[in-house]
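Enquirer: Please read through the structure below; I'll follow up with questions.
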Amino acid sequence: MRQRLPLAFAVPLLIGAAQPAAAPEACDAARENGVHIAPIPIVDIARDPIPIADHMPVAHEVVQIATKGWLLGSALRVPGPERLVYPAGTPLDPDHGGDPGRLCLPLARPPFGLIPDPERRGPGAYVQPCLADMDGDAAYERIDIFAGDSAMHVPTRRLIRSETLAVPQSLIADPLGLAASRRYVHREVTAYVDGPVAAGTIVRLRIAHAFQDQDRYDPAGAPASSFVAGADGTSVYRLVPRAPHPVSMTGNGYHGAANDPDATIVIADGAEVMVGGLKFRIDHYSHGWTIEPQATRFPPWVHYGCDGRSVELGGLR
């Protein structure tokens, strides 16, 4: 299988397609989800002859899905005593539990970032700037500074200051989507043989899908983004791009694709069959019978509904 690991700023390819309107109740459940970006190809199908055997995977494709994410379009100096500096390309996260239109930068902990109220400077103390677009023009005019403590039994967070930026901050779309929402989606075809592998035997091809979540934290010892002391007394966020999460080709919980019916083919030299829009060909060689996919990708198979907020994979949601 050929693995295509996306570069940090690779342009995602559109392989999704329109799907019939989802039921109203399904869209109600997806209302809080973000809008998805186009799926990104990660692992292509290997066009190799595969020996026919029962329960044998014969095609496997992987894409990454994610909701929209945003990066700073230019460097940002946070006004005020915190003296925080974030470089262009710094990722932002939605303000969960706060204003849904507010986007927050990575939080800063002592000694980087001035923490108000000395008695509140515990091991979990932090400050965090968040950007707000006041007029919906995609330029963020206001910055809200929060302080809190994440180590307490009941974490605290409070707004300590809001300021209007002298120059509105522009953002750019993260081509890989919001990091916390990224998932790999697997599509696999497995062959089931009804008898001995010989001419005239029926082979059934079945499609299944699986989701693979990505780790939200860097592995132990891996370089991570952090603050460093700047030459002018500032605290500068040093951005370290994360390595792509490894793809696990086995061990995922697969579910049958209800909207992609099985296909059957009788073993014969040169026999062909389509399943899920992908053609397979059977050939006979001196070492036995093989089956080979005739393309490196399926036709579009990741579908979005509810205005891009829900994912449909042949009956798996």
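The values are calculated or read from the model by the stated rules, or taken from the named source; none is laboratory data. Keep in mind that this is a model prediction, so the values were computed, not measured. Because the Cβ atoms are built from the backbone with ideal geometry, glycine has one as well, and the counts that use them run over all protein chains shown. Only protein heavy atoms, including side chains, enter the accessible area calculation; ligands, DNA and RNA are left aside. Shrake-Rupley method; radii C 1.70, N 1.55, O 1.52, S 1.80 Å.
Enquirer: Among the residues of region 166-215 satisfying the criterion of being acidic (Asp, Glu) and touching a strand residue (DSSP E or B) at 6+ places or on another chain (Cβ under 8 Å), which is farthest from Glu141 (Cα to Cα)? Break it down stepwise before answering.
Expert: As a first pass, look at region 166-215 and keep what is acidic (Asp, Glu): 174, 188, 194, 213, 215.
Now narrow it down to the ones that are touching a strand residue (DSSP E or B) at 6+ places or on another chain (Cβ under 8 Å): 174, 188, 194, 213.
On the way: Asp174: 20, Glu188: 47, Asp194: 66, Asp213: 35 Å.
Applying the filter and picking the extreme gives Asp194.
Enquirer: Looking at region 161-181, which of its residues are touching a Lys or Arg at 6+ places or on another chain (Cβ under 8 Å) and not polar (S, T, N, Q)?
Expert: Within region 161-181, the subset touching a Lys or Arg at 6+ places or on another chain (Cβ under 8 Å) is 162-165, 173-174, 176-180.
Once the filter is applied, which keeps residues that are touching a Lys or Arg at 6+ places or on another chain (Cβ under 8 Å) and not polar (S, T, N, Q), region 161-181 yields Glu163, Leu165, Ala173, Asp174, Leu176, Gly177, Leu178, Ala179, Ala180.
Enquirer: Please enumerate the residues belonging to region 150-195 that are crowded, with 18+ Cβ neighbours inside 10 Å and more than 30 Å from Gly251 (Cα to Cα).
Expert: The answer is Gln169, Leu171.
Enquirer: Keeping to region 196-210, report how many residues are in contact with a Ser or Thr (Cβ under 6 Å, 6 or more places away or on another chain) and either within 19 Å of Met249 (Cα to Cα) or modelled with pLDDT under 95 (or both).
Expert: Applying the first criterion (in contact with a Ser or Thr (Cβ under 6 Å, 6 or more places away or on another chain)) to region 196-210 yields 202, 204, 206.
Filter again for either within 19 Å of Met249 (Cα to Cα) or modelled with pLDDT under 95 (or both), leaving 206.
So the answer is 1.
Enquirer: Residues of region 256-295 being among the acidic types (Asp, Glu) and under 19 Å from Ala46 (Cα atoms), which ones? Lay out the reasoning, then the answer.
Expert: Step one: list which residues in region 256-295 are among the acidic types (Asp, Glu), which gives 260, 262, 269, 272, 283, 292.
Within region 256-295, Glu272, Asp283, Glu292 meet the criteria.
Enquirer: Can you name the strands (runs of 3 or more DSSP E) wholly within region 60-112 that have at least 1 residues being over 20 Å from the mean Cα position of the chain (by Cα) and over 30 Å from Ile50 (Cβ atoms)?
Expert: Details: elements: 70-72, 84-86, 91-94.
Passing ranges, in order: 84-86.
Enquirer: What number of residues within region 45-55 are open to solvent by 60 Å² or more (accessible area, probe 1.4 Å) and either at negative phi or among the polar types (S, T, N, Q) (or both)?
Expert: Here is the first cut: in region 45-55, the residues open to solvent by 60 Å² or more (accessible area, probe 1.4 Å) are 47-49, 51, 54-55.
Imposing the further condition that a residue be either at negative phi or among the polar types (S, T, N, Q) (or both) reduces the set to 47-49, 51, 54.
Adding up the residues that qualify gives 5.
Enquirer: Just to verify a result, which residue in region 278-307, among those that are surrounded by fewer than 17 Cβ atoms within 10 Å (Cβ to Cβ) and over 14 Å from Ala59 (Cα atoms), is farthest from the chain's Cα centre (by Cα)?
Expert: Among those that are surrounded by fewer than 17 Cβ atoms within 10 Å (Cβ to Cβ) and over 14 Å from Ala59 (Cα atoms), it is Ser286.
Enquirer: Turning to a different aspect of this structure: Which residue, of Pro244, Pro261, is in a loop (DSSP other than H, G, I, E, B) and open to solvent by 70 Å² or more (accessible area, probe 1.4 Å)?
Expert: Values: Pro244 fails: open to solvent by 70 Å² or more (accessible area, probe 1.4 Å).
So the residue among Pro244, Pro261 that is in a loop (DSSP other than H, G, I, E, B) and open to solvent by 70 Å² or more (accessible area, probe 1.4 Å) is Pro261.
Enquirer: Looking at Asp232, is it among the acidic types (Asp, Glu) and out of contact with any strand residue (DSSP E or B) (no Cβ under 7 Å at 6 or more places or on another chain)? Talk me through it step by step, then tell me what you get.
Expert: Details: among the acidic types (Asp, Glu): yes; out of contact with any strand residue (DSSP E or B) (no Cβ under 7 Å at 6 or more places or on another chain): yes.
Yes; evaluated as a whole, the condition is true for this residue.
Enquirer: Separate question: Going by the conditions given, is Tyr217 surrounded by fewer than 17 Cβ atoms within 10 Å (Cβ to Cβ), among the hydroxyl-bearing types (Ser, Thr, Tyr) and under 19 Å from the mean Cα position of the chain (by Cα)? Lay out the reasoning, then the answer.
Expert: Numbers: surrounded by fewer than 17 Cβ atoms within 10 Å (Cβ to Cβ): yes; among the hydroxyl-bearing types (Ser, Thr, Tyr): yes; under 19 Å from the mean Cα position of the chain (by Cα): yes.
Criteria met by Tyr217.
Enquirer: Give region 22-59 a look and list any residue that's in a loop (DSSP other than H, G, I, E, B), modelled with pLDDT of 95 or more and within 26 Å of Pro94 (Cα to Cα), or say none.
Expert: Ile37, Ala38, Pro39
Enquirer: Determine which member of the set Asp262, Asp232, Asp213, Asp194 is without any contact (Cβ under 8 Å) to a residue 40 or more places away in the chain, of a type in the set (Asp, Glu) and closer than 30 Å to Val311 by Cβ.
Expert: Values: Asp262 fails: without any contact (Cβ under 8 Å) to a residue 40 or more places away in the chain; Asp232 fails: closer than 30 Å to Val311 by Cβ; Asp194 fails: closer than 30 Å to Val311 by Cβ.
Selected residue: Asp213, the only one of Asp262, Asp232, Asp213, Asp194 that is without any contact (Cβ under 8 Å) to a residue 40 or more places away in the chain, of a type in the set (Asp, Glu) and closer than 30 Å to Val311 by Cβ.
Enquirer: All but one of (1) assigned to a loop (DSSP other than H, G, I, E, B); (2) in contact (Cβ under 8 Å) with a residue 24 or more places away in the chain; (3) in contact with a strand residue (DSSP E or B) (Cβ under 8 Å, 6 or more places away or on another chain) hold for Asp218; which doesn't?
Expert: Answer for Asp218: the failing condition is (3).
Enquirer: Further question: Suppose the filter is modelled with pLDDT under 95 and open to solvent by less than 20 Å² (accessible area, probe 1.4 Å); does Val228 pass it? Explain how you work it out, then say what you get.
Expert: Values: modelled with pLDDT under 95: yes; open to solvent by less than 20 Å² (accessible area, probe 1.4 Å): no.
Criteria not met by Val228.
Enquirer: Among all residue pairs at least 6 apart or on different chains, which show Cβ distances below 7 Å where the first residue, located in region 37-55, is in contact (Cβ under 8 Å) with a residue 24 or more places away in the chain and the second is among the aromatic types (Phe, Trp, Tyr) and open to solvent by less than 10 Å² (accessible area, probe 1.4 Å)?
Expert: Ile42/Tyr184
Enquirer: Spot the failing condition for Gly308; the list is (1) farther than 22 Å from Pro49 by Cβ; (2) in contact with an Asp or Glu (Cβ under 9 Å, 6 or more places away or on another chain), and only one is missed.
Expert: Condition not satisfied by Gly308: (2).
Enquirer: Can you confirm whether Arg142 is open to solvent by 40 Å² or more (accessible area, probe 1.4 Å) and touching a Phe, Trp or Tyr at 6+ places or on another chain (Cβ under 8 Å)? Spell out the reasoning first.
Expert: Numbers: open to solvent by 40 Å² or more (accessible area, probe 1.4 Å): yes; touching a Phe, Trp or Tyr at 6+ places or on another chain (Cβ under 8 Å): no.
No: the conditions fail for Arg142.
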